[in-house]
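Colleague: Just dropping this structure here.
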Amino acid sequence: MAKFAIPASDQILRQFLQISDDIIAAATTQEDFLACFSSNWKYGKSLKSLRLLVEHNLSLVVETLGKWRQNTHRDISQRYGGRTDRERLLVLCKRGAMEIIFLESALEILGEYDDSFFSCKEFVSFYENLQQAVFRWLINGEDLIPNELTNLRTYVVDTSARLVGASSRINLLHSLDHFIRLLNERVGPKRDAKEDPNTARIQSIRLAGGMRYVSLSFRDDAQLRAAASFLRRAHPLAHTAAARKSQLHHAICEMLTSTLAPLVRQDRPHALTLARRFSPAAAQEWFSAVHALRADIYQWVVKHPKHIAAGYPLFTSLVCLSDDEAYAAGLDMTLEFLHKSMRGGGAAATAFGMISDSKETKETRVVCVRCLVLLAVSYVARYGHAMPNKHELYKWLERALRPVLTAAKKGSLTIQEQLDVMLPLIELAPEFVMERIILDLLQSDQYECVIASLKALAAITTGPKLLLSAASTHRVGGGGGG
């Protein structure tokens, strides 16, 4: 495809950078300038135009953005000083706005990635510098941006994490190598003994959180093997901090659970193995990694029940991703294990005793509800299309979710928690949610049950777009229970 004429490309870029400069100039510590990004339609339109430019003149876009970031960083210091606390805060505010623009631009560029990008030397340099920048923000963002700019700091760090996710879709092993290297520098056997262990632990936890958008792809054997390597090398128990080691273990568990959640819903890569997308050796490598991690996490949680909140969801996700034989053998066992934990037995009872209204038992119940929904989603994704007679499907789902509905009708689940049960299942099994959950909860005397059911009903009747609004608006209204 022919390139745009350079003057036309340059004009579009100049327009984008001028709008960006105006936003930075308007940014103050007194106003919520983050709203400028969402309300400024010119910025949004010009940001999207970068995708078109990338298709035609990648080198110009990345080189210009890199120079703009460097020059703007210098100009902010020269123009706004930094001699007083107030001036230093303003400088940080404007640099934060600059960084948001740069990071969002990078997201647009990576969204257009194809394999030819790495033949462009300007992109290679841009990409390497970007990786350094986003991991630096993940590790140090909370230290570099003060509490007075909390919203800005959160946005910059979250956008950096999203860029790690975008990079993982380009080359998972590259992102993994970067993560493991930085992690080992802080908690590995060769870490600097002079470094404060608490600082190293905190930075490691931030690193793990920054990997939460990592995406596992399964186009071919190489990607499947890379995903298996990710499970092995990011094993939570293989990375132990010198102080308060459970915190890092939990952070990595939560990162892995977040990474695996989309695979459960899509029944991937299991469904692709049935279609013989991969060689038997590559498929075996993946499932072996899943089974090994699942066994380790199960033993860890049973032996130390204080890890329930982080361990149960990861263990359940790994059950859902098992091969057919292990899935069939482990499904009902996991179901009964979770039911028993909800009743106050098993690992939960060992840790918390049998006091049904204790804070710990409530927390365990919430975790178990989350895991039961995960199992239900997995069951529908794996077996739903193969069951012309929905009676058997509904029968299993009812058994799986019975303790959840009982807890809801007793007032033990908030509106939020009830919607978190229904919304994931609506797109996969709307008839089941309508007939067996919504109609049941509408008859409850609990206010929370009725409101949650009406919101879920609206999501079914209005369509998928309301799923997102229902998931966000019910947080504002709160809800009783428990």
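The values are calculated or read from the model by the stated rules, or taken from the named source; none is laboratory data. Computed from a prediction, not measured in an experiment: that's the story for all the values here. Note: ideal-geometry Cβ built from the backbone for every residue, glycine included; neighbour counts use all protein chains shown. The area values use the complete protein model at the heavy-atom level, side chains included, leaving out ligands, DNA and RNA. Shrake-Rupley method; radii C 1.70, N 1.55, O 1.52, S 1.80 Å.
Colleague: Of the numbered conditions (1) in a helix (DSSP H, G or I); (2) modelled with pLDDT under 50; (3) open to solvent by less than 60 Å² (accessible area, probe 1.4 Å), Ala459 fails exactly one; give the number of that condition.
Modeller: (2)
Colleague: I've got another one for you. May I ask you to list the residues in the range 294-328 that are open to solvent by less than 10 Å² (accessible area, probe 1.4 Å), among the small types (Gly, Ala, Ser) and in a helix (DSSP H, G or I)?
Modeller: Across the range 294-328, the qualifying residues are Ala310, Gly311, Ser317.
Colleague: For the range 59-98, name all the residues that are touching a His at 6+ places or on another chain (Cβ under 9 Å) and open to solvent by less than 30 Å² (accessible area, probe 1.4 Å).
Modeller: The one that is touching a His at 6+ places or on another chain (Cβ under 9 Å) and open to solvent by less than 30 Å² (accessible area, probe 1.4 Å): Met98.
Colleague: What pairs come out if I take residues in the range 192-212 that are under 14 Å from Asn140 (Cβ atoms) and free of Cβ contacts under 8 Å to residues at least 60 places away in the same chain and pair them with residues that are β-branched (Val, Ile, Thr) and open to solvent by less than 40 Å² (accessible area, probe 1.4 Å) whose C-beta lies under 8 Å away, six or more apart or interchain?
Modeller: Hits for this filter: Ala200/Val187; Ser204/Val187.
Colleague: Now for a different question. Does Arg402 qualify as being in a helix (DSSP H, G or I), charged (D, E, K, R), more than 18 Å from Arg265 (Cα to Cα) and within 29 Å of the chain's Cα centre (by Cα)?
Modeller: So Arg402 fits the description; yes.
Colleague: Continuing with this model, one more query. Looking at Glu195, Glu148, can you tell me which residue is open to solvent by 20 Å² or more (accessible area, probe 1.4 Å), outside the structural domain of Gln70 (by the TED database) and farther than 22 Å from Phe230 by Cα?
Modeller: The match here is Glu195.
Colleague: When the residues of the range 337-346 are filtered to those that are more than 30 Å from Glu285 (Cβ to Cβ) and part of a helix (DSSP H, G or I), which remaining residue is modelled with the lowest pLDDT?
Modeller: Taking the candidates together, the pick is Gly346.
Colleague: Has the range 30-39 got at least one residue that is in a helix (DSSP H, G or I), more than 19 Å from Phe126 (Cα to Cα) and modelled with pLDDT of 90 or more?
Modeller: No, the range 30-39 has no match at all.
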